[in-house]
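For reference, the structure is listed below as structure tokens.
The values are calculated or read from the model by the stated rules, or taken from the named source; none is laboratory data. All values derive from a computational prediction rather than experimental measurement. So basically every Cβ, Gly included, is an ideal-geometry build from the backbone, and we count neighbours across all protein chains shown. To get the accessible areas, we keep the full protein, side chains included, count just its heavy atoms, and leave off ligands, DNA and RNA. Shrake-Rupley method; radii C 1.70, N 1.55, O 1.52, S 1.80 Å.
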Amino acid sequence: MHTRYFLAFVASIVLPYVSTFAHASHNSNPENNKHSRASGPLKVAIIGAGAGGSSTAFFLGKAKERFGRNIEIDVFERNSYIGGRSTIVHPYNDPSLSPREAGAAIYISSNKNLVRAASEFNLTAINLGTGNSGTGVWDGTSFLVTLAGTPSDTDLVAKYGLSSIQSASSAAANVANTVNRWYIPDVFSWSTVEQLSQKFDFVDIASKTLAQWFDGLGINPKYTREFLEATTRANYAQDSVKLHGLAGAVSIAVGNSFRAIAGGNFKLFEGFLNHSSATVRLSTKVIALRKLPSVKPKWVLTASTGSSRAVDFGPYDYVVLAAPAQLSDITFIGCSPSFSPTPYVDLFVTFVSTTSRYPQTSFFGLNSTSLGFTSVLTSAETARTSQRSPPDFLSIGNWGTVVRNGTTEYIYKTLSLDYKSDQWLQKVYGPIGWVYRKPWKAFPVFNPRTTYPKVKPDDGLLYVNSLEPWLSSMETQTVSGRNAADILLKEVYGVGICYGNDVPTWTEAEKASKVYGWDC
């Protein structure tokens, strides 16, 4: 079973991720609250063209379109492509072969911004289904759980107990459904992440690890640390005894309808920018940000475009930083904004092609001729309790096949915390052909916490990635981008993407049919 399919099975026994997203619909008159501005356009610079930066530009563009705002938007991206941590690779570097996602690989049916974007931008969304090829949970020495073919939860109930499975399912579903509230009027924008966490009543569960939280609920510790940890390691490369309960709960409540965009998920973010009227500057690395003193500060960006000298851009009325601050290498001049540094996981993504249908049984110390399943997830619980070596990878899974010269080759993806040599790959997969390695600063380290980076580190400076230590995904970054746009617009015009201070009460029909920001 592919990793994503295993997570779907987890969701089937840890309650489906019930989608109750609520959305906005209201016809307000922005002119009643509009703030006057000096002549000339509002100039906004966005640093980063991933999910957060592209969605910020898009929602600012929506306000331009909806209310006739005079806004000029420049987007700066240091890479040569749009998408940030959503990027693809073609096997054998052959464009005729279907690409694989090297970064953010999937979204789910309840990710309303991404679902709406795929529809509005006429992109082909592939339903990845639930699969039936089986999986195992490996502890570095033996398999704790094996689920071959279409799995049943009978063995899990016998091993961990029905009450633990049900309690975990209820807790995860409650978190998932509460998170959905940021699509309804009383939560559609926030000034601090602490405010959002308090509003959702998540302060406690984000201040302790998933294991601590679930232990307090009376859930079988082995169920959390063995079975559920397999999903947290696959999703966020972190153990249940380390990552906070909020990230852990969302990780195990991912739903059972996985989707991806044909040709690459980055097309979602290209679509956001194509519909934003923004000027996009690729291969342009911002190296300095200078605050010019005045009644209303202006900002000048200094960027490197690969030429021998740096170039200044601006001045801008607002700057939106939509990339991890400590990874951006930006020097601030005339100000000292605080971003509350957040460590990121060093993740290694390794693709291989092999003629072997399954991973090698010899690697796992088995005598059988065939492993019988195509996905292996891991738990570090045995290592923690018996002083054994932990598994030396996070997950491995099949990502389809390619046919070259009449021979079928199986594409496998390995997630690990270290570099994997060709020798190691051959032990796992047998004869290998194509190999591709991609190191990432993939996710925040979800340490338990109660404080977060500032949404607004300085006057005229907004930080989209302030949300990441709380929750991190393609969808959450688009929601944070929408929030940044809303704050900016309210400060300037008194009215955000849709509303000012007078927020309407939405009907149930409106909640079910509309998406805030896309609809008003």
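Give me the number: length gained by fully extending Q166 to H90, i.e. 0.36 nm times residue separation minus the C-alpha to C-alpha distance, one decimal in nm.
Gain on stretching Q166 to H90: 23.2 nm.
Could you state how much accessible area S119 has, in square angstrom rounded to the nearest 10, with a 1.4 Å probe and all protein chains kept in place?
Surface accessible to solvent at S119 totals approximately 80 Å².
Pairs of Cα atoms under 8 Å, at least six residues apart: use those to get the relative contact order of the range 362-451, whole percent.
Relative CO of the range 362-451 lands at 19 percent.
What is the calculated FRET efficiency for D204 to L97, with r their C-beta to C-beta distance and R₀ = 35 Å, to the nearest 0.05?
Step by step, r from the Cβ atoms, then E = 0.15.
Cα convex hull of the chain: how many Å³ per residue?
Once divided by residue count, the hull of the chain is 153 Å³.
Quick check: with the 1.4 Å probe, what order do Y160, Y436 take by accessible area, largest first?
Putting Y160, Y436 in descending order of accessible area: Y436, Y160.
Using the Cα centre of the chain as the reference point, and only Cβ charges (+1 on K/R, -1 on D/E), how large is the resulting charge dipole? Debye, rounded to the nearest 20.
720
Let me check against my output: what whole-number percent is the relative contact order of the range 232-376, with C-alpha pairs under 8 Å and at least 6 apart?
Over the range 232-376, the number comes to 14 percent.
Select from P91, N235, F313 the residue farthest towards the positive end of the dipole of the chain; place +1 on Cβ of Lys and Arg, -1 on Cβ of Asp and Glu, and compute about the Cα centre.
Going by the charge dipole, the pick is F313.
How far apart, in nm, are two points set 7 Å out from the Cα along the Cα-to-Cβ line at L217 and at K159?
Between L217 and K159, the label points sit 1.9 nm apart.
Under a plain spin-label model, where a point goes 7 Å from the Cα along Cα-to-Cβ, how far apart in nm are V311 and I287?
Result: 1.4 nm between the two label points.
What number does the range 103-242 give for Rg over Rh if you use C-alpha atoms and the Kirkwood radius?
Across the range 103-242, the Cα-based Rg/Rh ratio is 1.00.
In a shell of Cβ-Cβ distance under 14 Å around T507, excluding T507 itself, what net charge do Lys and Arg (+1) and Asp and Glu (-1) give?
-1
Can you list residues whose amide H is under 5 Å from S375's amide H, if they're 5+ apart or on another chain and H is modeled 1.01 Å from N?
Amide H neighbours of S375: G136.
What 222 nm value per residue comes from the helices of the chain, counting each DSSP H run with n ≥ 4 as -39,500 (n - 2.57) and dividing by all residues, nearest 500 deg cm²/dmol?
Helix contribution divided over all residues of the chain: -8000 deg cm²/dmol.
Taking the range 397-520, how much of its Cα-Cα pair set, in percent, is spaced more than 23 angstrom apart?
59
Work out the FRET efficiency for Q326 and D392 from their Cβ-Cβ distance, taking R0 = 22 Å, and round it to the nearest 0.05.
0.20
How do D502, D458 stack up against each other in accessible area, from largest to smallest, with a 1.4 angstrom probe?
Result, largest first: D502, D458.
Need one value: the accessible area of I126 in square angstrom, 1.4 angstrom probe, rounded to the nearest 10.
Roll a 1.4 Å probe over it and I126 shows about 70 Å².
For a paramagnetic label modelled at 7 Å from the Cα of S338 toward its Cβ, which residues of the range 433-453 fall within the zone defined by backbone nitrogen distances under 18 Å?
Inside the label zone: 449-453.
Mind listing the long-range amide H neighbours of L144? Cut-off is under 5 Å, sequence gap 5 or more, other chains count too, H placed in the peptide plane at 1.01 Å from N.
Close amide H contacts, sequence-distant or interchain: V137, W138, D139.
Could you check the simple spin-label distance between T450 and S304, using points 7 Å along Cα→Cβ, in nm with one decimal?
About 4.2 nm, to one decimal.
Show which lysines lie in cross-link reach of K296 when reach means a straight Cα distance below 24 angstrom and same-chain residues fewer than eight apart are skipped.
Once the sequence-local lysines are set aside, what remains near K296 is K34, K43, K64, K454, K456, K490.
Which aspartates and glutamates have a Cα less than 15 Å from the Cα of K285, not counting those fewer than 8 places away in the same chain?
Within reach: D74, E77, D312, D329.
Which aspartates and glutamates, on any chain, are close to K420 with Cα under 15 Å apart, when same-chain ones fewer than 8 places away are left out?
Straight-line reach from K420, under 15 Å: D346, D392.
Every cysteine in the chain with no other Cys Cβ under 4.7 Å from its Cβ, please list them in numeric order.
Cys with no partner Cβ under 4.7 Å: C335.
For the chain, return all DSSP H helices satisfying: extent of Cα atoms along own axis at least 15 Å; mean Kyte-Doolittle hydropathy at least 0.0.
Span-like helices, by this rule, are 3-13, 162-179.
Of the options F348, Y358, A322, report the single residue whose Cα projects farthest towards the positive end of the charge dipole of the range 267-411 (beta-carbon charges: Lys, Arg +1; Asp, Glu -1).
The one lying farthest along the dipole's positive direction is A322.
Accessible area of H275, 1.4 Å probe, to the nearest 10 Å²?
In the full protein context, H275 sits at about 100 Å².
Considering the options L488, G397, Y499, tell which one lies farthest towards the positive end of the dipole of the range 396-514, charges being +1 on Lys and Arg and -1 on Asp and Glu at the Cβ, about the Cα centre.
After comparing all options, I get G397.
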